[in-house]
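**Q** This is the structure I have questions about; it appears just below.
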C-alpha cells in the first residue's frame, strides 16, 4: 500500500513507529501532487515546504520531541494567507499577492508540525458550490459517473481540498465553510469534513467572505483524521474579536461510537419536495445506523428551515460586498488604470477586471440590500429571521443531542450542468446553510454511493461547542456505512 | 438670547448652528490595531497590516479608546450606553483602505448630554446650555497628498485607524460667538478629561459646521455642512459666510441646497464639494467582525472615579473663594493653568491675590523674558513664596515683580533675592515714625498748606518718607502713620 | 420589489464595478430573480424579534493600549502596484 493511500492517523502512527520517515511521506505526496495536474486542485505547489517540515519531523523523532502532526503534509485552501506563498483566494483580483503574514489556522498547523504541500484551488473568494467560479479554471473531481468520462464537480467552494483528499494527493486539507463550503464538497467526493462552532477557528488571515459565517475546518478521509486536524486548527486567538476563548477539547481521545443515551433529532422540515429518492433513502439508513449505535431517533421541528437559504443570500452577500471593498488596486493585487482616468475610474476598471461573474453578482446583491431604502426590508429582516433560525436550533437541542440530515440534495453534478442558474446552484446548500446561520458545528460523513457510483454524504449538526458528539456520531456512521472505495487514478 | 441677526433685504434672519466635532482620542495605539498614533512620523511607518486592510486582517478594539469616550460622556453628563455597536460606513476613497470606516451609527456609545458655555466670559448672565446629541467612536482616515506628482496622489496611512470621537451638538447655537464659546468649552473639557489634546493645528480637533437660516421663531431651514474646519476663527467665518450666502440666496428666490461644502481659509468662502459620483449611500450595517460593546459596572465605576474636577466645578469653587467671574473663567479655561493655579492655592496663597497675580501680573513677566508658562522655572511654589512676602508686607507688589524677574534670571530663591538685593521693606512702625517726624519737621510749610486744605500734598509726604526709608518702607504703614500725624 | 436597469447601474457604481450596458442588461433579470426569491422572507412574522447580532453569545474583548505593531513599511508596501517614496501612489481624483 502506497503511503498516499494512508490516513493521517496511519501516517502519524507508522511514522512514529519507525515504519517510514517523514521525508518518505513528503516525497510520495509531492510526487502524487505533481502527477495530478489534470485535476487542477493545486494552484501553487510547495514541495520544498513539505520537505522542510518532514526534515524537522524526522529530527524531532530522533530527539523525541514530536508534535501532534509531525510528519504529516497537508493541503491548504487558497483562502488562507500563507507567508511568502502566493495567495489568490481563487481570484484574479489578488494578482501576485505574497502575504507578509501567516493565517492563524495555517500557523497553528505548522506549529503542530504539519508541512504544506501547496495551495488548493477554490471558488473565487469562496463563492460557489461547484468550483466553476475560480479564476484559475475549475477543479475536476477524481470521481466519475459509472460508464462516463464527463468531468464531475468536486463541489465548492473547498473543491480543491475535496478533490485533493479524495485523489490522495493530500492526506488532509483545510477548508472553509460559510454556507456549506466544507460539507458539500466532502459529500461530493466521499470524504469527511467538519465545520466547528463559529469562533473555534480564528478567522485572522483567512480572506474574508462573510465574517459572521466564515469558519475554517478540516477535510480528510476519516472522522478520526478530522478530529486530529481540528484539534490543531482550533484555539483562542486574541487577534480575532469573534474568536472563542474556550479550551480546545481532545477530540481524538474522546472519540467513541457508542451513542447510548443520545438522542438524534430528525427535522421534519428537511423532507423537501423534489429531493431524489436515493438521498432520502440514505437519510433513513443513517437514522438506522445511529439507532444501531445506541442513539434514540426523535422527530424535531426546525420551522424556519425553508427561510435559511434566502436569509443566507441576503446576509452573506451584504457582508461580502463590504469585505471585498478593500480590493481596489491601491495596496496590493490587480490594478487596471484607465488612460486619462482618475482614482474612481481605476477602482471601477480594476474591480470589473479582477472579479468574476459570481463575485460581481453577489457584490451587487449585497450592495443593493444594504442601500438606502432597502436596508430594513432586506438586511434587518434577514437578521431577524436568522435570530429565529438560531432559536429553532436552541429549542431543538432541548430535545436532542445531534441532528441528522442529508448533506446535499443531490450527488455531484457534471461541470456546466448548473452554472447558468444561480438559484439552482444555491439550492445545493439547502441542508448545510441553517447550521452556518446558527454558528453550529456540523459535519459531513460518507454514507454510500448513488446509482451512478457517486458518493453521498450524511450531515450531522451538533449543539454549540459540542463537536465531540458530532464526531462520535460521524464515527458511528463511518463504522456502519459501506466503505467507499476512492476512485482509482485516471488523471 | 443671542442678538446676532443677519439683516436681509426683507428683514432679520436668525442663524441656526450645529457642530460635529471630530476629536482625536488620546491613546498610544489606534482604535483597532496596535500601531502608534504619534503625530509627524515618516509616511506609512505607523501602519499595521490591519490598518492597511490586508486580506483577512481583523479589528480588535482598544480599551483605552472606549474608556476615553465614556469618560468624555460622563464629563458632559451624558447618557452612557451600556450597549453600543460598531457599524461599517461603506465608501471608496484612497485614504480608506478597508473600503469602509468603522463608526457607530445605530448604537453610539454616548447619548444625550449638555455643555454650558459663557458666551461672554466676563458676564455670568451670558451662560447658555448647548445640547449634545451623541458621541460616537470611529476610525480616522489616512492622508492623501496631491501636490507631489503631476498625475498621481500619494497615500500615507499613518493616521488611518486612529480613534476619533465624533461629538455631535444639537442645532442649539445662534451666533458665531456661541459656536466659538462652545468649541472652546468643549476643548477645555476634553483637555481636563485627558481624552483629547485639543491641538487644532495638528488636526486633533476638526469641526463639521452645519448652518441654516430662518426667520426668528420659524421652522429650521435647509442646512449645509461645511467639513473639516480646523480653528475657532474659521468656524466663525464659515458661519458668517454661510448665513449671509443663504439669506442672499433665499431673498433672491433661490433654494438653499442641502449639501456638503468646503471652506477656503485664504478667501474666506465656502464652496460646494463637487461629487459627480453618486449621492452618498453609505450602506451602514453592523460590523460583523466585531461583537457589541457591553460595558460593565466595574468599568464604568473606574471611568467615573478617574474623572478630574471639571472646569465648571473648578470655576464655581474659585468664585466661592472670592475670585472674580472673569478671573475664574480665564484661570479654568486651560487645564494646565488651572492645575498650576490649584498648586498655587495649595501652597497657601491668598486666592484673590493669587488670581490677580496669575492672570494680570505673571503673564507679562513671563512674556517680557520670553519664558513659556510651562517652563520648569515657573513653579507655583515660587509664586506662592513671593505672594506670601507681599501678604506679610515684606515686599511691595512692585517689588514682587522685581523679585520674580531676578528669580527668572538667577534661579535664586525669592528669599535670597530679597535678602541680597536688600529689597525687604520694613513695617517697623518705630523706624518709619522717626522718618515721618523728620520729613514733617523739615517741611513745616507744606504741613501748614496741607492742613489748610491742600490735600494733594499727601502724596508728597509719602514720597519723601519712602525716599528717607530708601524705598523699603511698607507703604501701607507709611500711609497710616502719616494720616495719623497730619489729620490729628 | 423589482430592480430597474437604472438601479443596476447605480448599484454597480456604488460598488465601483465598471459595467457595460450589455452586462447590466444581463444582470437585471438575474438580480430580479434572486431578489424575488429572497423576498419570501416577507412571509415570516418577525414582529418583536431582535435582529441577531452575535451568533455565539460572547463578550467583546479589548486590546490594551500598547503599541505592538507598525514600523513595517516594507511589508505594508511590498505588494503595492505602485509605491513611491514610501507612499502608495494612486491616480489623482478627477472632479
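The values are calculated or read from the model by the stated rules, or taken from the named source; none is laboratory data. This one's a predicted model, so the numbers in the text were calculated from it and none came from an experiment. Glycine also receives a Cβ, built like all others from the backbone with ideal geometry; neighbour counts cover every protein chain displayed.
Residue by residue, here is whether (1) within 14 Å of another protein chain (Cβ to nearest Cβ); (2) farther than 19 Å from residue A:249 by Cβ holds:
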position	(1), (2)
A:436	yes, yes
A:444	no, yes
A:469	no, no
A:472	no, no
A:479	no, yes
A:491	no, yes
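**Q** Quick check: is even one residue across the range B:146-169 more than 22 Å from residue B:28 (Cα to Cα) and more than 14 Å from every other protein chain (Cβ to nearest Cβ)?
**A** Taking every residue of the range B:146-169 in turn, at least one turns out to be more than 22 Å from residue B:28 (Cα to Cα) and more than 14 Å from every other protein chain (Cβ to nearest Cβ).
**Q** Quick one: would you say residue B:164 is crowded, with 24+ Cβ neighbours inside 10 Å and out of contact with any helix residue (DSSP H, G or I) (no Cβ under 6 Å at 6 or more places or on another chain)?
**A** Here the answer is yes, as residue B:164 does meet what is asked.
**Q** Taking strands (runs of 3 or more DSSP E) that do not extend beyond the range B:18-132, which have at least 1 residues that are within 30 Å of residue A:81 (Cα to Cα) and free of Cβ contacts under 8 Å to residues at least 60 places away in the same chain?
**A** The strands (runs of 3 or more DSSP E) meeting that bar are B:100-103.
**Q** On to the next question. Would a scan of the range A:219-228 turn up a residue that is modelled with pLDDT of 95 or more, surrounded by fewer than 19 Cβ atoms within 10 Å (Cβ to Cβ) and at negative phi?
**A** Scanning the range A:219-228 turns up no residue that is modelled with pLDDT of 95 or more, surrounded by fewer than 19 Cβ atoms within 10 Å (Cβ to Cβ) and at negative phi.
**Q** Is the range C:59-77 home to any residue that is more than 7 Å from chain A (Cβ to nearest Cβ) and at pLDDT below 95?
**A** So far as the range C:59-77 goes, yes, one or more of its residues are more than 7 Å from chain A (Cβ to nearest Cβ) and at pLDDT below 95.
**Q** Now for a separate question. Does residue B:425 satisfy the condition of being farther than 30 Å from residue B:376 by Cα and either more than 44 Å from the chain's Cα centre (by Cα) or surrounded by 15 or more Cβ atoms within 10 Å (Cβ to Cβ) (or both)?
**A** no
**Q** Keeping to the range A:200-211, report how many residues are out of contact with any helix residue (DSSP H, G or I) (no Cβ under 6 Å at 6 or more places or on another chain) and at the interface with chain B (Cβ under 7 Å from one of its Cβ atoms).
**A** The qualifying residues number 3.
**Q** Here is a further query. I'd like to verify a number: residues in the range A:327-357 that are buried (at least 23 other Cβ atoms within 10 Å of the Cβ), within 30 Å of the chain's Cα centre (by Cα) and part of a helix (DSSP H, G or I), how many?
**A** Result for the range A:327-357: 3.
**Q** Okay, next question. Taking the options A:197, A:176, name whichever one is at pLDDT 95 or above, assigned to a strand (DSSP E or B) and crowded, with 24+ Cβ neighbours inside 10 Å.
**A** A:176
**Q** Return yes when residue C:35 is over 30 Å from residue B:47 (Cα atoms), more than 9 Å from chain A (Cβ to nearest Cβ) and surrounded by 15 or more Cβ atoms within 10 Å (Cβ to Cβ) and no when it is not.
**A** When the stated conditions are applied, residue C:35 does not pass them.
**Q** Further question: Name the one entry in A:365, A:423 that is at the interface with chain C (Cβ under 8 Å from one of its Cβ atoms), more than 28 Å from residue B:87 (Cα to Cα) and free of Cβ contacts under 8 Å to residues at least 60 places away in the same chain.
**A** When all the criteria are applied, what remains is A:423.
**Q** When the residues of the range A:276-314 are narrowed to those that are part of a loop (DSSP other than H, G, I, E, B) and in contact with a helix residue (DSSP H, G or I) (Cβ under 9 Å, 6 or more places away or on another chain), which ends up nearest to residue A:450 (Cα to Cα)?
**A** Looking at the filtered set, the residue picked out is A:293.
**Q** Then there's this: Taking residue B:352, is it more than 14 Å from chain C (Cβ to nearest Cβ), over 30 Å from residue B:78 (Cα atoms) and part of a helix (DSSP H, G or I)?
**A** Spelling it out, residue B:352 is indeed more than 14 Å from chain C (Cβ to nearest Cβ), over 30 Å from residue B:78 (Cα atoms) and part of a helix (DSSP H, G or I).
**Q** So, one more: Please verify whether the range B:270-286 includes one or more residues that are buried (at least 20 other Cβ atoms within 10 Å of the Cβ) and within 25 Å of the chain's Cα centre (by Cα).
**A** No, the conditions are met nowhere in the range B:270-286.
**Q** So, one more: Answer yes or no: is there a residue in the range B:32-41 that is at the interface with chain C (Cβ under 7 Å from one of its Cβ atoms), surrounded by fewer than 21 Cβ atoms within 10 Å (Cβ to Cβ), touching a strand residue (DSSP E or B) at 6+ places or on another chain (Cβ under 8 Å) and under 27 Å from residue A:95 (Cα atoms).
**A** Looking for residues that are at the interface with chain C (Cβ under 7 Å from one of its Cβ atoms), surrounded by fewer than 21 Cβ atoms within 10 Å (Cβ to Cβ), touching a strand residue (DSSP E or B) at 6+ places or on another chain (Cβ under 8 Å) and under 27 Å from residue A:95 (Cα atoms), one finds none in the range B:32-41, hence no.
**Q** Hey, can you tell me all the residues within the range B:272-293 that are modelled with pLDDT of 95 or more and in a strand (DSSP E or B)?
**A** Matches in the range B:272-293: B:285, B:286, B:293.
**Q** Would you call residue C:43 at the interface with chain A (Cβ under 9 Å from one of its Cβ atoms), closer than 30 Å to residue B:93 by Cβ and touching a helix residue (DSSP H, G or I) at 6+ places or on another chain (Cβ under 9 Å)?
**A** It is false that residue C:43 is at the interface with chain A (Cβ under 9 Å from one of its Cβ atoms), closer than 30 Å to residue B:93 by Cβ and touching a helix residue (DSSP H, G or I) at 6+ places or on another chain (Cβ under 9 Å).
**Q** I've got another one for you. Between B:95, B:77, which is out of contact with any helix residue (DSSP H, G or I) (no Cβ under 9 Å at 6 or more places or on another chain), in the same structural domain as residue B:239 (by TED's automatic domain parsing) and either modelled with pLDDT under 95 or on the phi > 0 side of the Ramachandran plot (or both)?
**A** B:77
**Q** Out of B:188, B:204, I need the residue that is crowded, with 21+ Cβ neighbours inside 10 Å, in contact with a helix residue (DSSP H, G or I) (Cβ under 6 Å, 6 or more places away or on another chain) and under 26 Å from residue B:339 (Cβ atoms). Which one?
**A** When all the criteria are applied, what remains is B:188.
**Q** Going by the structure shown, is residue B:461 farther than 18 Å from residue B:357 by Cβ, assigned to a helix (DSSP H, G or I) and in contact (Cβ under 8 Å) with a residue 24 or more places away in the chain?
**A** Considered against the rule, which asks whether it is farther than 18 Å from residue B:357 by Cβ, assigned to a helix (DSSP H, G or I) and in contact (Cβ under 8 Å) with a residue 24 or more places away in the chain, residue B:461 comes out as yes.
**Q** Please verify whether residue C:94 is more than 7 Å from chain A (Cβ to nearest Cβ) and over 30 Å from residue A:198 (Cβ atoms), treating the condition exactly as stated.
**A** no
**Q** Separate question: Can you tell me which residue is surrounded by the most Cβ atoms within 10 Å (Cβ to Cβ) among those in the range A:253-265 that are in contact with a helix residue (DSSP H, G or I) (Cβ under 6 Å, 6 or more places away or on another chain) and outside any loop (DSSP other than H, G, I, E, B)?
**A** Looking at the filtered set, the residue picked out is A:264.
**Q** Let me ask you something else. Given the options B:127, B:207, B:181, name the one that is more than 24 Å from residue B:313 (Cα to Cα) and in the same structural domain as residue B:233 (by TED's automatic domain parsing).
**A** The match here is B:207.
**Q** State which residue is surrounded by the most Cβ atoms within 10 Å (Cβ to Cβ) when the search covers only the range B:52-63 and only residues that are under 21 Å from residue B:292 (Cα atoms) and within 36 Å of the chain's Cα centre (by Cα).
**A** In this case the residue turns out to be B:62.
**Q** Which ones in the range A:138-173 are outside any loop (DSSP other than H, G, I, E, B) and either without any contact (Cβ under 8 Å) to a residue 40 or more places away in the chain or under 17 Å from the mean Cα position of the chain (by Cα) (or both)?
**A** The answer is A:159, A:160, A:161, A:162, A:163, A:164, A:165, A:166, A:172, A:173.
**Q** Quick one: count up the residues across the range B:365-421 that are closer than 30 Å to residue B:477 by Cβ and outside any helix (DSSP H, G or I).
**A** Within the range B:365-421, residues that are closer than 30 Å to residue B:477 by Cβ and outside any helix (DSSP H, G or I) number 8.
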